[in-house]
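Below you'll find the structure, written out as structure tokens, and then a few comments.
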Amino acid sequence: MTTYRINQSKLAALTSAVDQSGRDLDREVAAAVNATATKTASLVNKSVRTELSVTAKSVKRGIQKGRRATAAYPNTSVSLHPSRRLPLKDFKPRQTRKGVSYKISKRGKRTTLPSGFISGHLGDHVFVRVGKPRLPIRKPMGPSPWGVFVKQDMAPAVQMQSEQELDKQLDRRIKFNLLKASGEI
């Protein structure tokens with residue numbers, strides 16, 4: 001868990017701009033924090049997708065944003081759920097004569113799951129038979145986005161970009177309040 005501190009000079013500039021516009025400082029800080037949390041979730045999603053060959057929607061299901069920041073509670077969080085592994089359905093599977101081919105890594109080649117099949121009746125998931133008879137079948141899973149995020153050590157880069165985003169959002173709030181005070185908005 002990482003805590004970000006607001007730059008004191010930016011906070012002083014925001015306080016001055018808020019005083020001129022007549023708005024509430026705590027609400028402006030909360031707006032900047034919420035915008036930063038949204039961008040951080042997007043950064044986590046993009047960083048995971050640099051390694052995995054999946055859609056943004058499938059990674060987004062594992063990202064959780066905490067309670068929205070408010071004037072009374074200007075904190076929020078962004079976390080990646082640690083245990084959710086993605087089904088092979090998310091890795092662009094194709095039915096072939098030999099089984100099902102899929103691609104997990106963006107850098108790697110497609111892998112074939114022998115005797116695998118894609119079931120249209122069961123949500124287009126990939127399954128493989130366990131024994132000779134028709135049943136039982138099992139649903140193989142791919143890696144979890146959290147595992148990729150941790151293994152590739154993506155946290156420092158995302159933290160640095162999030163800090164820059166918080167500064168950017170504070171600048172946006174300062175500019176908005178100055179324009180509001182001058183009557184241009």
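Couple of notes before you dig in:
- Within a Gaussian network of the chain (alpha carbon springs, distance under 10 Å), most fluctuating of Ser144, Ser47, Ser21: Ser21
- Its alpha carbons considered, the chain gives a radius of gyration followed by a Dmax of 22.9, 77 Å.
- For Lys175, Lys103, Lys65, Lys89, the ranking by accessible surface with the largest value first comes to Lys175, Lys65, Lys89, Lys103, using a 1.4 Å probe.
- Placing +1 on the Cβ of every Lys and Arg and -1 on the Cβ of every Asp and Glu, with no other charges, gives the range 130-185 a dipole of roughly 680 debye about its Cα centre.
- Rounded to the nearest 10 degrees, the inclination of helix 25-49 to the longest alpha-carbon principal axis of the chain is 30 degrees.
- Convex hull volume of the Cα atoms of the range 86-185, normalised per residue: 173 Å³.
- Taking Cα atoms only, the orientation of helix 155-182 departs from the longest principal axis of the chain by about 40 degrees.
- For the chain, with +1 on Lys and Arg beta carbons and -1 on Asp and Glu, the positive-most of Gly62, Leu135, His125 along the dipole: Leu135
- For the range 137-185 versus the range 34-53, the spacing of their alpha-carbon centroids is 7 Å.
- Dipole of the chain [Lys/Arg +1, Asp/Glu -1 at C-beta], most positive-end residue of Val100, Tyr4, Ser53: Val100
- Accessible area (Å², per residue) of the chain, counting only protein heavy atoms and a probe of 1.4 Å: 62
The values are calculated or read from the model by the stated rules, or taken from the named source; none is laboratory data. All figures in this text were calculated on a predicted structure; none of them were measured in a lab. All Cβ positions, even for glycine, are placed from backbone atoms using ideal geometry, and neighbour counts span all protein chains on display. Ligands, DNA and RNA are stripped out before the accessible areas are found, and what is left, the full protein with its side chains, is counted by its heavy atoms. Shrake-Rupley method; radii C 1.70, N 1.55, O 1.52, S 1.80 Å.
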